[in-house]
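A.B. asks: Quick one: structure below, then a few questions.
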Ligand SMILES: [Mn+2]
């Protein structure tokens with residue numbers, strides 16, 4: 001496994017955190033989180049370009065790349081309070097799906113086996129299969145649930161004559177037993193795919209999918225609370241998969257298969273933060289950031305902040321567990337009217 005860092009620009013790390021080498025277990029021993037790039041977009045059905053996602057997510061920020069990001073809302077500095085390392089990119093080739101999936105799964109499995117949480121920067125959504133499988137190899141098949149933010153269900157069977165692609169990873173994960181169909185929670189679906197045959201298959205798996213109309217009608221927080229209950233039932237951990245196209249194209253234009261009418265970036269960031277604070281998250285991925293279609297780096301900035309919200313939620317969860325405290329989202333940051 002080679003560090004593939006120079007292929008898409010300088011070999012940088014996420015906002016300047018320390019680097020590690022997955023070939024040298026000592027270099028990431030004791031890490032809480034290991035960030036991994038998976039610059040693979042050979043599974044896209046429409047517009048490619050997510051291979052440029054990892055480095056865009058790593059570097060798109062207007063603050064110094066100094067390995068420090070104090071969260072105003074959570075009052076933690078996730079890059080300092082937990083040990084976050086960046087293992088660079090996995091070598092993938094868009095024309096070799098199976099070989100790329102094997103390399104990604106092996107890399108993620110190494111991170112999980114070390115006890116760290118992998119945060120994978122995609123890449124198209126094909127990588128959800130090796131990402132979640134690599135985590136399940138450590139935590140146990142059927143022992144982790146899936147919280148999947150996406151405009152699309154990604155439960156296709158055979159597309160373009162292939163079993164693997166960015167519209168199919170969720171079906172493959174259920175078929176393999178890595179994740180139970182009835183512990184699969186999908187948030188933000190909308191639009192005009194898939195059709196009734198695939199929906200029937202999903203119903204047979206007892207998946208729970210929250211389409212945007214239900215989310216608008218009931219409220220995102222209500223839906224999340226319900227999804228969290230299902231996710232924790234008979235499972236030890238939660239895998240968080242964020243396809244940036246869950247957000248409205250106005251909030252995330254840089255993606256391959258945009259679908260109008262999605263979440264706001266505010267909703268997504270709050271949901272990621274809350275998920276990583278309230279649930280035992282054992283793996284995270286942010287996929288489908290495709291810089292060639294971005295405008296003013298809107299989507300790259302969002303991808304960077306999704307990672308930071310996940311990290312801040314994880315950091316605050318650990319601090320509160322150690323100190324017996326609890327984060328209160330209604331607390332003001334500053335309130336000069338409040339007596340001392
Ligand atoms: Mn997807």
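A.B. asks: What's the total number of residues in region 137-153 that are under 24 Å from residue 313 (Cβ atoms) and in contact with a helix residue (DSSP H, G or I) (Cβ under 8 Å, 6 or more places away or on another chain)?
C.D. replies: 11
A.B. asks: A follow-up question, please. Answer with yes or no whether residue 264 is at negative phi and in contact with a helix residue (DSSP H, G or I) (Cβ under 6 Å, 6 or more places away or on another chain).
C.D. replies: no
A.B. asks: Okay, moving on. With the requirement that a residue be within 16 Å of the ligand (Cβ to nearest atom) and in a loop (DSSP other than H, G, I, E, B), what does region 213-249 give you?
C.D. replies: Residues satisfying the conditions are 248, 249.
A.B. asks: Kindly evaluate residue 171 against the criterion of being out of contact with any helix residue (DSSP H, G or I) (no Cβ under 7 Å at 6 or more places or on another chain) and within 14 Å of the ligand (Cβ to nearest atom). Break it down stepwise before answering.
C.D. replies: Values: out of contact with any helix residue (DSSP H, G or I) (no Cβ under 7 Å at 6 or more places or on another chain): yes; within 14 Å of the ligand (Cβ to nearest atom): yes.
Yes: the conditions hold for residue 171.
A.B. asks: Another question, then. Please enumerate the residues belonging to region 220-240 that are crowded, with 17+ Cβ neighbours inside 10 Å, under 15 Å from residue 268 (Cα atoms) and out of contact with any strand residue (DSSP E or B) (no Cβ under 6 Å at 6 or more places or on another chain).
C.D. replies: Residues satisfying the conditions are 220, 224.
A.B. asks: Still on this structure, I have one more. Identify, from the list 271, 252, the residue that is outside any helix (DSSP H, G or I) and either crowded, with 20+ Cβ neighbours inside 10 Å or more than 16 Å from the ligand (Cβ to nearest atom) (or both). Spell out how you get there, then give the answer.
C.D. replies: On the way: 271 fails: outside any helix (DSSP H, G or I).
The conditions single out 252.
Residue-by-condition table, conditions (1) buried (at least 21 other Cβ atoms within 10 Å of the Cβ); (2) more than 23 Å from residue 257 (Cβ to Cβ); (3) at pLDDT below 95:
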site	(1), (2), (3)
111	yes, yes, no
152	yes, no, no
173	yes, no, no
200	no, no, no
207	yes, no, no
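A.B. asks: Any idea which residue in region 255-268 is farthest from the ligand (Cβ to nearest atom), counting only those that are surrounded by fewer than 22 Cβ atoms within 10 Å (Cβ to Cβ) and in a helix (DSSP H, G or I)?
C.D. replies: Only one residue tops the list, namely 266.
A.B. asks: On to the next question. Please specify each residue of region 5-27 satisfying the condition of being part of a loop (DSSP other than H, G, I, E, B) and in contact with a helix residue (DSSP H, G or I) (Cβ under 7 Å, 6 or more places away or on another chain).
C.D. replies: Taking region 5-27 and keeping what is part of a loop (DSSP other than H, G, I, E, B), we get 5-13, 17, 20-24.
Across region 5-27, the qualifying residues are 8, 9, 12, 13, 17, 20, 21, 22.
A.B. asks: Let me ask you something else. Kindly indicate which of 134, 115, 122, 156 is at pLDDT 95 or above, touching a helix residue (DSSP H, G or I) at 6+ places or on another chain (Cβ under 7 Å) and either at positive phi or away from the ligand (no atom under 16 Å from the Cβ) (or both).
C.D. replies: Of the residues listed, the single one that is at pLDDT 95 or above, touching a helix residue (DSSP H, G or I) at 6+ places or on another chain (Cβ under 7 Å) and either at positive phi or away from the ligand (no atom under 16 Å from the Cβ) (or both) is 134.
A.B. asks: Of all residues in region 27-44, which are within 20 Å of the chain's Cα centre (by Cα) and either under 20 Å from residue 83 (Cα atoms) or modelled with pLDDT under 95 (or both)?
C.D. replies: The answer is 31, 32, 33, 34, 35, 36, 37.
A.B. asks: Oh, and also: Here are 308, 302: which of them is part of a helix (DSSP H, G or I), without any contact (Cβ under 8 Å) to a residue 60 or more places away in the chain and closer than 20 Å to residue 39 by Cα?
C.D. replies: On inspection, the qualifying residue turns out to be 302.
A.B. asks: Another question, then. Can you confirm whether residue 318 is away from the ligand (no atom under 16 Å from the Cβ) and either outside any helix (DSSP H, G or I) or in contact with a helix residue (DSSP H, G or I) (Cβ under 6 Å, 6 or more places away or on another chain) (or both)?
C.D. replies: So residue 318 fails the test.
A.B. asks: If you go through region 76-112, how many residues are more than 20 Å from residue 53 (Cα to Cα) and touching a helix residue (DSSP H, G or I) at 6+ places or on another chain (Cβ under 6 Å)?
C.D. replies: 6
The values are calculated or read from the model by the stated rules, or taken from the named source; none is laboratory data. The model shown is predicted, which means the values in this text are computed figures rather than measured ones. Every residue, glycine as well, gets a Cβ built from its backbone with ideal geometry; the counts of neighbours run over all protein chains shown.
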